Amino acid sequence: MVKEKPNRDAIFCVADIVKRAKLELDFRTDAQLADYLGVSRSTLCNWIARNSIDFPLVLEKLKDIDYNWLLTGKGEPHPVRRYCDSELVQGDVELLHTPRCSQGMDDRSVTLYDITAAANLKTILEQGNQHVLGKIFVPNIPACDGAVYISGDSMYPILKSGDIVGFKFIYDLRDIIYGEMYLVSFNRGGDDYLAVKYVNRSDEEGCIRLVSYNEHHSPMDVRVSDISQMGIVKFSIRRHTMI
């Protein structure tokens, strides 16, 4: 019988998720956590060995813990909750990237763009005023160049289809911070794509690697020459309602 190999390209580490869960719940053993989750200890051990986990179950059981911290270790276990309440959208705000250096933060309005009409980030950069849906008010965030709705499940459960992400353009690919989440516009096989992915270094020369959080989506190497525009993701809004 061939043993299932763990997904080494996955952006998450189940062993670290388990450690953070035990730390926050003040559990000392895997058996305590397994009992809390309602699964057997062997099931929990298999999750760690395969680097695969029942996300819906874990997030439901640990819903009082910040999911970004639980899954990636970024942020705080119980951050101050931010809420976007504007004419266009209402929902919880999650900061996904904050510069290490000090940066003034205040209550800012961010332009929400129609990415389905603009098709890619380069069009927004060049013809932004033609694709504006409106302004959203987001409390206490770093400076952003805009926000768009996302589709697909490649970043689930960090992001899900219908969420809004705010971004800041980068104009030189040498400024990429590897390991962070980006909006990436690129051409592949003659078609234009816009993806929300973690960006890692690639083993292939002249490429970057786009990595999903959802383990069912394989990593993708993209030639730098095929990239038209990128923007680092600053925040997300888990939309509740839309007018």
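Just so you know, all these numbers are worked out from the coordinates, no wet-lab data involved. The model shown is predicted, which means the values in this text are computed figures rather than measured ones. With ideal geometry, Cβ positions are generated from the backbone for all residues, glycine too; neighbour counts draw on all protein chains shown.
Would you please classify the overall shape of the range 14-72 from the alpha carbon gyration tensor, given that a ≥ b ≥ c denote the square roots of the eigenvalues, rounded means a/c under 1.5, and beyond that prolate means a/b larger than b/c while oblate covers the rest? Because its axes are fairly even, with a/c under 1.5, the range 14-72 counts as rounded. All alpha carbon pair distances within the chain were sorted into 10 Å bins beginning at 0; the resulting P(r) in whole percents reads 7, 29, 33, 22, 8, 1. Since only S225, I65, G128 are under comparison, the one whose Cα sits farthest along the positive direction of the charge dipole of the chain, derived from C-beta charges on Lys, Arg, Asp and Glu, is I65. Taking only the C-alpha atoms of the range 107-243, the Rg (one decimal) and the largest Cα-Cα distance, Dmax (whole number), read 14.5, 46 Å. For a Förster distance of 35 Å, can you work out the FRET efficiency between the beta-carbons of R174 and L88, rounded to the nearest 0.05? Between R174 and L88 the formula returns 0.50. For the options D203, D221, D85, a Gaussian network treatment of the chain with springs between C-alpha atoms closer than 10 Å singles out D203 as fluctuating the most.
Which angle from 0 to 90°, rounded to the nearest 10, does the C-alpha axis of helix 14-25 make with the longest principal axis of the chain? That helix lies at roughly 80 degrees to the long axis.
For the listed residue pairs K122/K234; K19/K168; K122/K197; K74/K234, the alpha carbons are over 21 angstrom apart in K19/K168. In percent, rounded to a whole number, the relative contact order of the range 82-242 is 28, using alpha-carbon pairs under 8 Å and six or more apart. The Stokes-Einstein estimate for the range 110-185, based on a Kirkwood radius over Cα pairs and taken at 10 °C with 1.306 mPa s viscosity, is a diffusion coefficient of 119 µm²/s. Dividing the summed helix terms, -39500 (n - 2.57) for each DSSP H run of n ≥ 4, by the number of residues in the chain produces a 222 nm estimate of -6000 deg cm²/dmol to the nearest 500. Projecting label points 7 angstrom from Cα along Cα→Cβ for K74 and E60 puts them 2.7 nm apart.
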